[in-house]
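In what follows, a single structure is set out as C-alpha cells and then discussed.
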Amino acid sequence: NIATAAFLSLLLLLSIFGSGCSDEFKNRKALEKMLGQEIRFPDSLKIINRDQVEDSSLLSLDNKIKLVFYISPDECSTCRISSIYTVDTLFKIIPPTMFVPVVIVSPDEETRDETIKKLYDGWFDFPIYDDILSEFTDINKFIPKSSSFHAFLLDRNDRIALVGDPTRNRQI
C-alpha cells in the first residue's frame, strides 16, 4: 500500500542522511583531535632513497615545515605512490630549507618488495621512509585508520597544523 511505501521511503531517507551526518560528525571530531597534536617519528624508520636525495640537509627533518604522507598497510601502496609524484612539483616551488615532504610507507608483506622498488626507481628528490615495524600509527594513536587523514602539514615543532592531501584535493 502507498502509506507503507511512503513510510519505508522516509525511513530509508532518514537512514541515508542520518548516517551522512554521523560520518561528518565523526570526521570533524577526528580532525579536531588531530590538530595541534605532536607527531613522533619512530627511530626505526629507514630511508629508502638516501643516495638519491641530492641535498643532504633534507635528510635532517629538524626545524622544518613538513608535509607528511603516510601510506598504511591497508592502502594500495603502489597506487598511492603514483599520486605522490605530484608532490615533486610542490617541492620545487618551496625552498627545501623551509619545507620538506616526508613520505612514510608501511606496505604489507605481500607488496613490500614491489613498493620499495617503485619508490627507489622513482628518483624522488625528497626522503622516502619505510616504516618497517609499522610503528608510526602505534606511537601516534590519534591518527585515524581512514586514509583521508593520512596527509598533514606539520609546523616547525612537528605539530599538525592542517590535515588533508593536496594531491587529492585542490582546495588544500
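Each reported figure results from applying straightforward, stated rules to the coordinates on display, with no laboratory input. A quick note: this is a predicted structure, and the numbers were derived from the prediction, not measured. In this analysis, Cβ positions are derived from the backbone assuming ideal geometry, glycine residues included, and neighbour counts consider all displayed protein chains.
The lysines whose alpha-carbon is closer than 23 Å to the alpha-carbon of Lys46, local same-chain residues fewer than 8 away aside, are Lys64, Lys66, Lys117, Lys118, Lys141, Lys145. The distance between label points at Lys33 and Glu110 comes to 2.8 nm (points 7 Å beyond Cα on the Cα→Cβ vector).
Taking 20 Å as the straight-line reach from the Cα of Lys33, the aspartates and glutamates in range (excluding those fewer than 8 positions away in the same chain) are Asp23, Glu24, Glu135, Asp138, Asp155, Asp158, Asp165.
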